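S.K.: Pasting a structure here, questions to come.
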Ligand SMILES: Nc1nc2c(c(=O)[nH]1)N[C@H]1C(S)=C(S)[C@@H](COP(=O)(O)OP(=O)(O)OC[C@H]3O[C@@H](n4cnc5c(=O)[nH]c(N)nc54)[C@H](O)[C@@H]3O)O[C@H]1N2
Ligand SMILES: Nc1nc2c(c(=O)[nH]1)N[C@H]1C(S)=C(S)[C@@H](COP(=O)(O)OP(=O)(O)OC[C@H]3O[C@@H](n4cnc5c(=O)[nH]c(N)nc54)[C@H](O)[C@@H]3O)O[C@H]1N2
Ligand code: SF4
Ligand SMILES: [Mo]
């Protein structure tokens with residue numbers, strides 16, 4: 001028996017924990033934490049230990065390419081060879097391209113946090129299409145754009161280890177991020193203070209010294225008010241503000257409109273609690289720990305800007321115990337650098353035609369964060385041919401039928417396409433509509449190199465096992481597809497100049513001096529960086545300063561100052577409020593699942609068998625709902641509904657119901673695997689109002705009504 005241990009990294013979620021993989025006789029025997037990893041510092045979770053192995057080894061794994069034989073969505077497939085799959089894919093894409101033009105082909109992928117994002121963008125551009133969809137309008141996009149506009153890129157730079165106070169806003173690290181969770185418990189233990197802003201009770205609010213419980217979607221008013229208190233009491237960092245902040249005077253006028261009494265009125269949080277939170281935060285160093293609870297909604301960017309400006313004026317930016325600005329080694333390329341590299345760009349006149357670029361220029365098209373499309377507008381284009389037809393899609397590493405809002409509309413759009421190919425590790429509700437399904441490698445089979453913001457360090461995913469069956473990684477699929485498209489004169493330009501994934505990874509490492517060999521040895525590589533080197537680096541805005549007043553937003557005719565926008569739920573008229581009296585929150589994470597993944601794993605199904613929806617006891621009583629009873633959720637914006645199981649708890653505020661996301665049932669006989677039944681996005685709209693910068697729709701804060709299902713229908717589950 002030979003046993004070897006390989007340092008690697010888990011990228012099942014964006015904690016990117018360092019791992020140690022024990023191999024015995026060529027097989028993965030154990031996956032556990034790497035205590036030396038500078039990012040995760042020994043933290044890990046059950047998904048990394050267990051789910052990833054099962055994801056690779058499970059009997060439902062897709063091992064060969066398949067061709068659909070029945071109607072779309074009927075679940076009838078036949079096994080085909082890679083050769084046949086690629087020929088058919090190239091032939092059909094070339095046909096669509098020649099009939100409707102290159103722009104009619106769109107890619108869909110999770111986004112620029114993984115190499116598959118950059119590969120999809122470059123494959124689409126090679127075909128001549130600037131259209132690729134990412135899911136970050138639903139995840140982190142508002143944070144990224146808020147930070148970009150303010151000049152404060154600080155995602156995952158939370159230095160909780162050295163903070164005296166942590167301000168958690170819409171974040172549930174207990175389920176979502178074990179590294180943060182361990183750091184927060186340690187902060188508490190050493191006498192630091194924790195302030196939590198969250199309408200729903202959970203492990204974070206239980207740990208908090210101060211828990212502010214705002215009405216959903218009103219957080220910006222709290223941030224502006226805390227800033228007001230700091231400035232009014234002279235507790236802000238005057239030196240930093242004078243030297244490095246642009247637009248302090250108009251900003252001050254804006255925050256002065258939010259004294260605690262006003263913010264209390266808007267948010268429902270008592271004024272004294274807002275003052276107490278401000279006092280705790282003022283005793284820095286303080287770290288702002290944001291989460292999905294203030295992202296992915298129609299006021300997301302301005303809400304993030306309100307907090308970003310607070311971080312800056314309080315002197316907590318790029319400070320020990322505060323929020324570190326993003327660092328990377330000189331000469332290293334991130335996936336975003338690749339996407340924006342001029343050598344891989346289509347002509348500007350083509351990129352300006354990216355779907356959504358006109359309405360959301362900072363999101364989509366040549367000036368866009370990742371250049372990717374505005375997804376709801378792509379779905380619209382598929383169904384209406386406006387602004388032009390989209391007739392084919394290649395989807396990899398994203399389960400859009402489950403994770404995009406409005407499952408029925410996504411399905412309608414997919415059904416109407418001329419051609420769909422899906423690369424995936426197992427059949428899922430999205431691949432159900434494909435013409436061709438391609439078997440994809442898992443993280444145990446792929447080599448990945450990436451910047452880990454949290455370390456900061458360069459992380460390395462070690463391909464410890466050979467791909468199962470005929471699975472291939474995204475780049476390998478893109479390369480062979482490119483060749484077959486080229487043979488059909490269906491290529492605009494070759495933007496994929498790498499022979500394989502190793503060459504691509506070496507391109508990322510560039511001139512950084514970090515080698516694959518060193519990464520394989522240690523699982524990561526650290527690099528030197530300096531905190532607070534503002535004189536040296538400045539800030540990446542037009543003024544070179546932190547823009548409290550955003551010149552970019554001003555030029556676009558948008559509010560240049562951080563602002564409070566009343567939540568969408570307030571905007572409906574009295575009749576709509578009476579018909580849909582509750583506010584729906586979605587997205588609560590569970591330790592067992594990663595979004596729609598791992599839904600077939602027995603251990604996870606045992607821990608979490610059904611989608612739950614938290615309901616306050618008084619609300620439950622009003623509707624005659626008892627604990628565990630199945631109910632339907634119906635939002636004001638769609639005709640379709642979703643089922644979930646009531647969890648009656650005072651953790652949910654009165655008038656609010658809160659649920660998770662990502663539910664489907666891989667073991668179901670339904671060829672759609674319950675994607676319209678137990679998936680909350682079956683009841684959500686992807687329509688407006690949209691965030692004016694990212695185009696994000698409200699993935700929470702929508703008005704809804706609930707209806708108990710007769711108890712006997714329980715037998716249906
Ligand atoms: N186990 C597990 N871990 C994961 C994931 C997973 O699927 N499973 N997914 C990963 C990904 S991609 C993401 S984006 C993260 C998400 O993880 P988090 O960022 O922690 O997001 P959520 O779990 O959605 O919970 C956010 C919190 O926001 C609160 N909230 C809801 N509405 C509001 C509001 O209006 N204001 C405020 N202040 N709070 C609000 C909710 O009550 C909840 O407590 O998790 C990552 N980690
Ligand atoms: N209503 C509502 N909707 C939401 C959210 C919400 O809170 N509420 N959250 C949003 C958020 S934060 C996110 S991040 C998205 C997540 O949305 P998705 O990215 O669609 O979700 P996942 O289930 O993580 O991934 C989907 C598919 O990716 C493939 N995959 C998994 N691992 C790998 C891999 O290693 N390589 C490749 N190539 N493919 C892989 C599998 O086929 C898997 O089925 O959902 C968003 N949708
Ligand atoms: S938290 Fe869990 S799933 Fe996420 S990277 Fe770490 S071990 Fe993997
Ligand atoms: Mo996410």
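S.K.: For the stretch 608-642 and the stretch 55-97, what is the separation of their C-alpha centers, rounded to whole Å?
M.R.: If we compute the Cα centre of each part, the gap is 38 Å.
S.K.: If you stretched the chain out fully between residue 639 and residue 516, how much longer would it get, using 0.36 nm times the residue separation minus the C-alpha to C-alpha distance?
M.R.: The span from residue 639 to residue 516 would gain 39.1 nm if fully extended.
S.K.: Take the Cα of residue 488, step 7 Å along the line toward its Cβ, and report every residue of the stretch 80-110 whose backbone nitrogen sits under 11 Å from that point.
M.R.: 86-99
S.K.: Here's something else I'd like to know. Looking at the square roots a ≥ b ≥ c of the eigenvalues of the Cα gyration tensor of the stretch 330-443, which shape do they give, rounded for a/c under 1.5, prolate if a/b is larger than b/c, or oblate?
M.R.: Note, shape of the stretch 330-443 comes out oblate.
S.K.: Another question about this same structure. Quick check on the stretch 568-716: of the DSSP beta bridges with both residues there, what percent are antiparallel, nearest 5%?
M.R.: 70 percent
S.K.: Would you order 313, 229 from fewest to most other beta-carbon atoms within 10 Å of each residue's own beta-carbon? Working shown, then result.
M.R.: Numbers: 313 26, 229 22.
Ordered by Cβ neighbours within 10 Å, fewest first: 229, 313.
S.K.: Mind giving me the FRET efficiency for residue 498 and residue 416? R0 is 41 Å, r the Cβ-Cβ distance, nearest 0.05 is fine.
M.R.: Efficiency, from the Cβ-Cβ distance: 0.75.
S.K.: How many angstrom lie between the Cα centre of the stretch 521-586 and the Cα centre of the stretch 322-388?
M.R.: Using only Cα atoms, the two centres lie 18 Å from each other.
S.K.: Where does each of 515, 267, 638 land when they are ranked from fewest to most other beta-carbon atoms within 10 angstrom?
M.R.: On the way: 515 12, 267 27, 638 22.
Least to most surrounded, the residues fall as 515, 638, 267.
S.K.: What is the distance, in nm, between label points placed 7 Å from the Cα along the Cα-to-Cβ direction at residue 282 and at residue 190?
M.R.: Output for this residue pair reads 2.4 nm.
S.K.: From the Cα gyration tensor of the stretch 125-283, with a ≥ b ≥ c the square roots of its eigenvalues, which class applies: rounded if a/c is under 1.5, or else prolate if a/b is larger than b/c, or else oblate?
M.R.: Oblate is the answer for the stretch 125-283, as a/c is 1.5 or above yet b/c matches or exceeds a/b.
S.K.: Just to confirm my numbers, what's the Cα centroid distance between the stretch 419-479 and the stretch 259-312 in Å?
M.R.: Taking the Cα centre of each part, the stretch 419-479 and the stretch 259-312 sit 38 Å apart.
S.K.: OK, next. Take 529, 460 and order them by how many other Cβ atoms sit within 10 Å, fewest up front.
M.R.: The order, fewest Cβ neighbours first, is 529, 460.
S.K.: Here's another thing I want to ask about it. Take every DSSP beta bridge whose two residues both sit in the stretch 385-439, then give the antiparallel share in percent to the nearest 5.
M.R.: 0 percent
S.K.: Under the classification rounded if a/c is under 1.5, otherwise prolate if a/b is larger than b/c and oblate if not, where does the chain fall, given a ≥ b ≥ c as square roots of the Cα gyration tensor eigenvalues? It would help to have the intermediate numbers written out before the result.
M.R.: Details: a/c = 1.40, a/b = 1.21, b/c = 1.15.
Taking the square roots of the gyration eigenvalues as a ≥ b ≥ c, the chain is rounded.
S.K.: Using DSSP, restrict attention to beta bridges with both residues in the chain and report what percent are antiparallel, rounded to the nearest 5.
M.R.: For the chain, the DSSP antiparallel bridge percentage is about 50.
Read-outs: derived from the displayed coordinates by stated rules, not from any lab. The shown structure was predicted, so the numbers you read here are calculated from the model rather than taken from an experiment. Note that we place each Cβ from the backbone using ideal geometry, even for glycine, and neighbour counts take in every protein chain shown.
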